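**Student:** First the structure, then my questions, so here it is.
The values are calculated or read from the model by the stated rules, or taken from the named source; none is laboratory data. Bear in mind that the values here come from a model prediction, so they are computed numbers and not experimental data. A quick note on method: Cβ atoms are made from the backbone with ideal geometry, for glycine too, and the neighbour counts reach across all protein chains shown.
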Number of protein chains: 2
Amino acid sequence: MPLLLAPAAQDLLFREARTANAFTDEPVTDAQVQAVYDLIRYGPTSFNQSPLRVLLIRTPEARERLLTHLAEGNRAKTATAPLVAVLAADFEFHEELPQLVPHAPALKDTVFADRPRRETEASLNAALQAAYFLLGIRAAGLAAGPMTGYDPEGLRKEFLDDDHTPLMVVNIGRPGPDAWYPRLPRLRYEQVVTTL
Amino acid sequence: MPLLLAPAAQDLLFREARTANAFTDEPVTDAQVQAVYDLIRYGPTSFNQSPLRVLLIRTPEARERLLTHLAEGNRAKTATAPLVAVLAADFEFHEELPQLVPHAPALKDTVFADRPRRETEASLNAALQAAYFLLGIRAAGLAAGPMTGYDPEGLRKEFLDDDHTPLMVVNIGRPGPDAWYPRLPRLRYEQVVTTL
């Protein structure tokens, strides 16, 4: 048994967790989202830059505005999910670096003074944090339904600004009836891992 | 207690896990890496595209070639880590889609026929998988030391090809003496999460 993580935790996070397409109407509370964030914020990012930002869509009005930017096939499930989150990368993350990297206050105005560099690094590191967030939702016993089928520029203009780019929209809740399709195949180890 | 994941698992994956900068000389086996992959391959990606590719650096010759492309501050620790992995995104992931999405064999030649679209999607989805991989290393009771301080073009030309882009280099092993710096602060919930 080469993994130290308990089998039940392996199942919860990876093997039995699935991308849900239908949800019950049980609410997802702010306390649950805070517990998820307070765990996953410790996941590593380059220079601790922590560029992920999360927008929770709670009002019916905000949900309606969101739906108009989604691919048609994503609208019905997003209309009924107990909670919807827009995950975004903050290209101005360097403003928080004095708090995040207090021993190197110069980083903000040297290494990260360059906006194109910040855009590249924020896109990678916020994606890492998005993955931590998805697993954190599963750690809370909830199902996540991440989606990239939307108009990114429309979504940005509707909810964000020029300093933020959307990474994904995530439906969150308890899985409802027929919540998922059969599990799709995955690549074998030999197809993914090579050794030199 | 809003999280279902057991506290010991929370600690193993997030709270007590740290980015290691020093390692013992205990080897990391292929069986360990395979156990990690066989767990994390179930993490979600858009359309199950699964674009992450992993290159394990095992021979001293390959390690020497790798070191020349790293930022100077990353060389000493990478020279002594029991195992080093180069994580990359495969821009030609669509070739595997008939295996990965057998019910929609047309995806390969329609939605994903466009190389720029594949590059964008592979970069996001391989980053998600890189995060799953880092947590999988921790699930195996090992420490990971992810690094983005390297010459990406140099690394690509040394080990990859035009169809692959490096995402990060990861040192893997048991943490050694003085393996880490004090934990850096994280952003508070209110700084990251907003609600509409």
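**Student:** May I ask you to list the residues in the stretch A:146-180 that are more than 21 Å from the chain's Cα centre (by Cα) and either modelled with pLDDT of 95 or more or at the interface with chain B (Cβ under 10 Å from one of its Cβ atoms) (or both)?
**Tutor:** Passing the criteria: none in range.
**Student:** Could you please find all residues in the stretch B:157-196 being among the basic types (K, R), more than 19 Å from B:V28 (Cα to Cα) and surrounded by fewer than 19 Cβ atoms within 10 Å (Cβ to Cβ)?
**Tutor:** Restricting attention to the stretch B:157-196, the residues satisfying the condition of being among the basic types (K, R) are B:157, B:174, B:183, B:186, B:188.
Now restrict to residues that are more than 19 Å from B:V28 (Cα to Cα): B:157, B:183, B:186, B:188.
The answer is B:K157, B:R183, B:R188.
**Student:** Looking at B:E72, B:E121, B:E64, B:E95, can you tell me which residue is at pLDDT 95 or above, surrounded by fewer than 20 Cβ atoms within 10 Å (Cβ to Cβ), out of contact with any Cys (no Cβ under 9 Å at 6 or more places or on another chain) and closer than 16 Å to B:T45 by Cβ?
**Tutor:** Values: B:E72 fails: closer than 16 Å to B:T45 by Cβ; B:E121 fails: surrounded by fewer than 20 Cβ atoms within 10 Å (Cβ to Cβ); B:E64 fails: closer than 16 Å to B:T45 by Cβ.
Of B:E72, B:E121, B:E64, B:E95, the one residue that is at pLDDT 95 or above, surrounded by fewer than 20 Cβ atoms within 10 Å (Cβ to Cβ), out of contact with any Cys (no Cβ under 9 Å at 6 or more places or on another chain) and closer than 16 Å to B:T45 by Cβ is B:E95.
**Student:** Test of understanding: among A:T165, A:T148, A:T120, which residue is of a type in the set (S, T, Y) and out of contact with any helix residue (DSSP H, G or I) (no Cβ under 7 Å at 6 or more places or on another chain)? Can you show your working first?
**Tutor:** Numbers: A:T165 fails: out of contact with any helix residue (DSSP H, G or I) (no Cβ under 7 Å at 6 or more places or on another chain); A:T148 fails: out of contact with any helix residue (DSSP H, G or I) (no Cβ under 7 Å at 6 or more places or on another chain).
Going through A:T165, A:T148, A:T120 in turn, the sole match is A:T120.
**Student:** Hey, another quick one. Consider the stretch A:1-31. How many of its residues are within 28 Å of B:R174 (Cβ to Cβ) and of a type outside the set (A, V, I, L, M)?
**Tutor:** Residues meeting the conditions: 6.
**Student:** Looking at (1) closer than 28 Å to B:Y37 by Cα; (2) out of contact with any Leu (no Cβ under 8 Å at 6 or more places or on another chain); (3) more than 10 Å from chain B (Cβ to nearest Cβ), which one does A:L87 not meet, given that it meets all the others?
**Tutor:** (2)
**Student:** Something else now. Looking only at helices (runs of 4 or more DSSP H) that fall completely inside the stretch B:1-73, which ones have 3 or more residues that are free of Cβ contacts under 8 Å to residues at least 60 places away in the same chain and of a type in the set (D, E, K, R)?
**Tutor:** Helices (runs of 4 or more DSSP H) meeting the threshold: B:60-67.
**Student:** Considering only the stretch A:96-196, give the strands (runs of 3 or more DSSP E) lying wholly within it that have at least 1 residues that are touching a residue at least 60 places away in the same chain (Cβ under 8 Å) and β-branched (V, I, T). Quick ask: steps written out before the conclusion?
**Tutor:** Values: elements: A:143-147, A:164-173, A:193-195.
Strands (runs of 3 or more DSSP E) meeting the threshold: A:164-173.
**Student:** Checking B:F112 against (1) of a type in the set (F, W, Y); (2) more than 10 Å from chain A (Cβ to nearest Cβ); (3) under 24 Å from B:P146 (Cα atoms), only one condition comes out false. Which one?
**Tutor:** (3)
**Student:** So is A:L55 surrounded by 20 or more Cβ atoms within 10 Å (Cβ to Cβ), touching a Ser or Thr at 6+ places or on another chain (Cβ under 6 Å) and at pLDDT 95 or above or not? So that I can check it myself, show each step before the final result.
**Tutor:** Working: surrounded by 20 or more Cβ atoms within 10 Å (Cβ to Cβ): yes; touching a Ser or Thr at 6+ places or on another chain (Cβ under 6 Å): yes; at pLDDT 95 or above: yes.
Here the answer is yes, as A:L55 does meet what is asked.
**Student:** Of B:E16, B:E26, which residue is in contact with a Gly (Cβ under 7 Å, 6 or more places away or on another chain) and either of a type outside the set (A, V, I, L, M) or at pLDDT 95 or above (or both)?
**Tutor:** Values: B:E16 fails: in contact with a Gly (Cβ under 7 Å, 6 or more places away or on another chain).
Just one listed residue meets the conditions, B:E26.
**Student:** Let me ask something else about it. Which one of A:R75, A:R65, A:R53, A:R115 is charged (D, E, K, R) and touching a strand residue (DSSP E or B) at 6+ places or on another chain (Cβ under 8 Å)? Reasoning before the result, please.
**Tutor:** Numbers: A:R75 fails: touching a strand residue (DSSP E or B) at 6+ places or on another chain (Cβ under 8 Å); A:R65 fails: touching a strand residue (DSSP E or B) at 6+ places or on another chain (Cβ under 8 Å); A:R115 fails: touching a strand residue (DSSP E or B) at 6+ places or on another chain (Cβ under 8 Å).
Checking each option against the conditions leaves just A:R53.
**Student:** Given the criteria more than 30 Å from B:L97 (Cβ to Cβ) and crowded, with 17+ Cβ neighbours inside 10 Å, does B:A22 qualify? I'd like the intermediate steps shown before the answer.
**Tutor:** Working: more than 30 Å from B:L97 (Cβ to Cβ): yes; crowded, with 17+ Cβ neighbours inside 10 Å: yes.
For B:A22, the condition - more than 30 Å from B:L97 (Cβ to Cβ) and crowded, with 17+ Cβ neighbours inside 10 Å - is met.
**Student:** Before we move on, is A:A131 closer than 20 Å to A:D11 by Cα and either among the charged types (D, E, K, R) or at pLDDT 95 or above (or both)?
**Tutor:** Numbers: closer than 20 Å to A:D11 by Cα: yes; either among the charged types (D, E, K, R) or at pLDDT 95 or above (or both): yes.
Judged against the criteria, A:A131 is a match.
**Student:** Quick check on the stretch A:39-51. Is at least one of its residues within 10 Å of chain B (Cβ to nearest Cβ), surrounded by 18 or more Cβ atoms within 10 Å (Cβ to Cβ), out of contact with any Ser or Thr (no Cβ under 7 Å at 6 or more places or on another chain) and under 20 Å from A:G173 (Cβ atoms)?
**Tutor:** Yes, the conditions are met somewhere in the stretch A:39-51.
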